[in-house]
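Note sheet for the following structure.
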Amino acid sequence: MKIVKVKLENFRSYKNEITVDFSDLTVFVGKNDIGKSTILEALDIFFNDGKGAVKIDKEDINKQLKEEGNTEIKITVVFENLPDILTIDSTNPTTLHDEYLLNNENQLEIIKKYLNAGKEKVFIKANHPTHLNCSELLSKKIRDLQKILDDNSITCENRAKSAIVRKSIWNHYVDNLELQEIEIDATKEDAKNIWEQLKNYMPLYSLFQSDRKNSDGDDEVQNPMKLAVQEILKDETLQNTLIQVANEVSIKLRAVADQTLEKLNEMNPEIANSLNPVIPAAESLKWIDVFKNVSITGDEDIPINKRGSGVKRLVLLNFFRAEAERRQREQNVPSIIYAIEEPETSQHPSHQKKLIEAFIQLSNANNTQIILTTHSPAIVKMLDFEHLKLITNNNGKEIINIERANLPYPSLNEVNFLAFNESNDEYHNELYGYIESEGELSNYKSTKTTVSYQKANPRNGNITSIQIIITEYIRHQIHHPENNNNRRYTHQELQQSISDMRDFIETNILLKK
């Protein structure tokens, strides 16, 4: 299964419901404290139920809505690449389509609601029958479903299987189902059973945060190893092997217990008859606990989490590089989502480049999604427009899909300007060149006041003073740093010149097209 959308409501700074589109590689950019990490942490709460890096608490409720009396957090995830068959029990196969559990776009939409930041309640939003005799069938017991058959003289080939009974009822009313998008409670009867089955198909989700306390319990480096254990144990062939091992052990344990009780019966039948061997079912065994102490240690068994942040992040870097190669090479790998905050943290620029290359490669592997946040303009310039999501809070919280055609100027430098207010010589040159290529340079100059610029004659070295606008003044200094006859332009002047050119492009070039 693969994420295509996430919706947040009443969660931290996300007051009203906001929808975020996801792709195989999704990178959130924006200013500090704008809500980038919030999205990653909401997904950790959704997928890991408080057993991951983040636990939900009452401070996560949006303060404004809390004051208004609304204390229900909603985290919604929409999936595609769905399982073909779901087996409610060993003899009851069905599909999400047959159970009317897909939304209007034929996607699976799971909603988790947390009243007062407490235990989640799960709902499935689906285009579902609402006709009186067709609604809420997934929450009805088999005898109630059979009663609908009897009361409406509906024939059914197998009255003992709830999926077949539901299908018979819905087929009977096929022309009058009154389909509507509604929320189906996934905590009752077969709706609950279907949700339990869906959990087996959920992607693994692992969040690597940028800020960690340096303690023995710090999972920043151990997490990749523990995540690898989870992924390995999801392999179907290995699962079958482990079940065979567990069953074999169970048989031998039962034989030992039976022989013991048989001997005990010879001496004290009353006690023997009161005892029964308790052997856990193979499916209930937590094999992951066998490998709970996996880790990577340094010299003299010093845990990596005790090393510097640069070393810890370097381990992560190479974990992802290795994963990129492995997941590209292997087939039928389980679905996984890597969420990484600020991968540039404590990394040399050359390492950042290798890491981003690894993430791009990983995102192209089967059943793999990458979610990043970054404050690095350099990283933004390594990506494509389609990877980027800009979070703003100008007129209310907004998450913007970065599309080339929607930008005032189609450049990743433009993205950095919007996300981080990043002004640099390269972006200034791009904007100036764009205005010039559109034949609008003279019009732009005519709207600006001029300043004095000292220009040297290349033949005789004589200095002459010319009047040019500040944008040209900056451009000359960028291209002729050897000219020491003029003061250096300030950062404020660079920003103002960039803003002036952006405004001119929007009002005088884009509006005319």
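Throughout, read-outs are computed from the coordinates displayed, never taken from laboratory work. If you're wondering where the values come from, they're calculated on a predicted model, not measured in any experiment. Don't worry about glycine lacking a Cβ; one is built from the backbone with ideal geometry, like all the others, and counts go over all protein chains shown.
Residues Trp195, Trp287, Trp170 in ascending order of nearby Cβ atoms (within 10 Å, fewest first): Trp287, Trp170, Trp195.
The aspartates and glutamates within cross-link reach of Lys113, meaning a Cα-to-Cα straight distance under 16 Å and a gap of 8 or more places when in the same chain, are Glu9, Glu17, Glu41, Asp44, Asp49, Asp57, Glu59, Asp60, Glu72, Glu183, Asp185.
Cα axis of helix 162-172 to longest principal axis of the chain: angle in degrees, 0 to 90, nearest 10? It works out to around 70 degrees. Can you bin region 149-195 into rounded, prolate or oblate? Criterion: square roots of the alpha carbon gyration tensor eigenvalues sorted a ≥ b ≥ c, rounded for a/c under 1.5, prolate for a/b above b/c, oblate for the rest. Taking the square roots of the gyration eigenvalues as a ≥ b ≥ c, region 149-195 is oblate. For Val27, the residues whose modelled amide H falls within less than 5 Å of its own, excluding neighbours fewer than 5 places apart on the same chain, are Leu372, Leu388, Lys389. For Glu283 and Asn395, the difference between the fully extended length at 0.36 nm per residue and the C-alpha to C-alpha distance is 35.2 nm.
Take each peptide in 268-280, 237-249, count the other Cβ atoms within 10 Å of every residue, and average; sorted highest first, the result is 237-249, 268-280. Ala324 sits among other residues whose Cβ lies under 15 Å from its own Cβ, and their net charge, with Lys and Arg +1 and Asp and Glu -1, is 0. For the set Lys112/Lys147; Lys121/Lys292; Lys31/Lys381; Lys7/Lys292, the pairs lying more than 21 angstrom apart at their alpha carbons are Lys112/Lys147; Lys121/Lys292; Lys7/Lys292.
For the pair Asn276 and Asn240, the difference between a 0.36 nm per residue extended length and the Cα-Cα distance amounts to 10.2 nm. With respect to the chain, whose longest principal axis is taken over its alpha-carbon atoms, helix 36-48 is tilted by about 10°.
Restricting the count to DSSP beta bridges whose residues both fall in the chain, what percent are antiparallel, rounded to a multiple of 5?
Counting only bridges with both partners in the chain, antiparallel ones make up about 70 percent.
Summarising the overall dimensions of the chain from its C-alpha atoms, the Rg and Dmax are 30.9, 120 angstrom.
The spacing between region 93-156 and region 465-504, judged by their C-alpha centroids, is 65 Å. The angle separating the long axis of helix 349-363 from the principal Cα axis of greatest extent in the chain is about 40 degrees.
Under a Cβ-Cβ cut-off of 12 Å, what is the net charge of the residues other than Val78 that fall near it, where Lys and Arg count +1 and Asp and Glu count -1? Spell out each step's value before the answer.
Values: positive: Lys2, Lys5, Lys7, Lys125; negative: Asp21, Glu80, Glu105, Glu109.
Net charge in that neighbourhood comes out at 0.
Note that region 373-444 carries a Kirkwood radius of 13.3 Å, evaluated over its alpha carbons pair by pair.
For the chain, what is the mean residue ellipticity at 222 nm derived from helices alone (per DSSP H run of n ≥ 4: -39500 (n - 2.57); sum divided by total residues; nearest 500 deg cm²/dmol)?
Values: 16 runs with 190 residues, N = 513.
Only helices count here, giving -11500 deg cm²/dmol.
Applying 1/(1 + (r/R0)^6) with R0 = 51 Å to the Cβ-Cβ distance of Gln230 and Glu506, what FRET efficiency is obtained, to the nearest 0.05?
E between Gln230 and Glu506, to the nearest 0.05, is 0.55.
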